Amino acid sequence: MQDARTEWLATLDRYHRDRERPATAEYWSPSLDTASRDELAAIQSAKLRVAVRFVYECIPLYRRHFQRAGLEPGDIRSIEDLPKIPVMTKQLMAEDLAEHPPWGTYTAVDDDIWLRHGWQIFASSGTTGQPRAFRYTAYDRVMWSWTNARAMWAIGFRPGRDSALLAFGYGPHVWLWGVHYGLNLMGIPIVTAGGLDSRARVRFIDTYQPTILACTPSYALYLGSLMREMGLDPAASSVRHIFCGGEPAFGVPATRRRIEELWNASLGEFYGCTEASPSAGGYTCAAAIATKEGPSQTHLMEDTQIWEVVDPQTFQPLPDGQRGLTVVTNLCSEASPQLRFLVGDFTVLDRSPCACGRTHARALGGFQGRADDMLNIRGVTLFPSAIEDAVRRVPDLGDEFQIVVTTERELDVLTVLVEPRPGVDPVQHAALVQRVETEIISRCELRPVVQLVPPGTLPKTEFKAKRVRDLRGQLSQEERR
Ligand SMILES: [Zn+2]
């Protein structure tokens with residue numbers, strides 16, 4: 001019998017099609033991208049059987065996870081059996097890391113594999129707890145290039161026409177690296193901008209004329225406004241695609257509109273997580289990008305990953321069409337083939353065919369944020385992105401905002417700090433405050449305290465925005481003193 005790792009990699013190789021170049025002008029890998037639902041299910045089942053044995057033998061955390069549930073690898077024969085595996089959570093990984101520092105035992109990479117086949121580490125940027133490191137391998141880099149090339153082909157990026165400026169610091173965040181290697185495979189050149197300050201990046205855009213700007217959505221707004229300050233017009237620049245990751249953008253209508261108008265460009269995004277790479281996971285196809293009205297849609301690549309939506313309380317699988325939290329089973333990695341990992345974004349899955357011809361599931365309404373980031377204010381649960389959507393509907397406001405939650409007389413108080421755009425007449429300030437209040441009440445069912453602060457007061461976002469200051473715990477400590 002083959003050893004589990006050899007068998008797993010051979011299985012991945014079997015479904016690694018059209019490795020070097022796209023098969024057609026429309027689809028990078030049509031036999032996968034437009035496979036029938038039955039074919040996709042057969043591929044998933046074939047991979048899953050082998051993955052379960054590999055994970056059981058090579059990832060100690062999962063062996064214990066299976067044993068606690070009374071499961072053997074042979075109990076999982078097809079995707080029908082998948083729900084037998086209990087959901088894997090960040091919490092379980094964090095506990096494992098505390099017991100087994102500095103790497104934990106949640107990947108299939110031990111010190112020996114790492115030193116002989118390792119590629120890079122990525123760290124969960126997690127808003128909760130200690131960062132968890134993931135050691136990915138050289139094999140994963142190859143898979144990453146390929147899955148991301150397929151996804152960026154679906155977005156509409158093409159060699160011979162496009163070039164991309166990647167406005168990221170080349171740090172331990174997964175998003176940038178997969179894009180970088182995917183563009184390399186596609187033959188799309190990169191205008192290298194890591195480590196440059198924002199003014200230098202603006203000058204690079206103006207001088208070297210990239211058609212794609214890849215960055216976080218907060219940074220797309222910041223860089224565009226800086227460009228204006230420098231006397232250049234982002235809407236008249238060479239950039240035709242804003243390509244985002246790291247924060248919700250495509251699923252936040254007012255942010256999407258702001259970015260597209262500022263740059264006179266279309267917005268696309270990737271959705272995924274550090275734990276279950278090397279795949280884009282979710283990507284917006286050209287048909288979704290061209291649809292400006294109605295709920296946004298994000299494809300999930302299903303021959304490389306299995307996506308489910310589960311009940312937020314019980315973690316039981318929900319049928320398509322019902323809103324729940326995302327769970328992924330990762331069938332494309334040597335290092336991190338997680339089984340039923342709770343990514344934890346609310347969405348609704350739809351497996352009907354897409355206008356682009358791809359058969360893979362779509363998340364309707366896109367993604368608005370991780371359940372971990374959800375706020376509960378006076379019994380109303382909401383995502384910070386709902387407030388973002390409300391604020392950005394007001395044209396006379398700047399791009400930055402801050403949410404502060406405090407307690408007064410045992411009641412939660414939601415304060416939203418916003419800035420008028422430079423040049424807005426102070427006579428209009430009271431009306432602006434009123435407008436923001438109305439937008440937030442209609443979208444969030446909460447009455448906020450809106451404070452207008454002078455332009456330039458709120459910190460500028462150069463990577464991921466920190467918008468929420470929840471001071472409730474701290475205040476109650478003070479009250480106890
Ligand atoms: Zn599509």
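Note that the chain presents 41 Å² accessible area per residue, ligands and nucleic acids not counted, probe 1.4 Å. The peptide list 422-430, 49-57, put in order of mean Cβ contacts within 10 Å with the highest first, becomes 49-57, 422-430. Summary of packing: across the peptides 293-302, 72-81, 312-321, the per-residue average of other C-beta atoms within 10 Å ranks them, highest first, as 293-302, 72-81, 312-321.
Nonpolar atom fraction for the chain, defined as the carbon and sulfur part of the 1.4 Å probe accessible area, stands at 51 percent. What whole number of Å gives the distance from the Cα centroid of the range 23-86 to the Cα centroid of the range 256-331? Here the answer is 20 Å between Cα centres. Across the cross-link table entries Lys84/Lys466; Lys292/Lys464; Lys90/Lys466, which are compared at the Cα atoms, the separations over 31 Å belong to Lys84/Lys466. Taking a ≥ b ≥ c as the square roots of the eigenvalues of the Cα gyration tensor, an a/c ratio of 1.5 or more together with a/b no larger than b/c marks the range 350-404 as oblate.
Only helical runs count toward this figure. For the chain, summing -39,500 (n - 2.57) over DSSP H runs of n ≥ 4 and dividing by all residues gives -10500 deg cm²/dmol at 222 nm.
Each part gets one Cα centre, and for the range 370-446 versus the range 164-235 those centres are 29 Å apart. Would you mind classifying the range 132-211 by shape? Square roots of the alpha carbon gyration tensor eigenvalues, ordered a ≥ b ≥ c; an a/c under 1.5 is rounded, otherwise it is prolate if a/b is larger than b/c and oblate if not. Oblate, because a/c is 1.5 or more while a/b does not exceed b/c.
The values are calculated or read from the model by the stated rules, or taken from the named source; none is laboratory data. Quantities reported herein were computed from a predicted structural model and do not represent experimental measurements. Cβ sites come from the backbone with ideal geometry, for glycine too, and all protein chains shown count toward neighbours. SASA here: full protein model, heavy atoms, side chains in, ligands and nucleic acids out. Shrake-Rupley method; radii C 1.70, N 1.55, O 1.52, S 1.80 Å.
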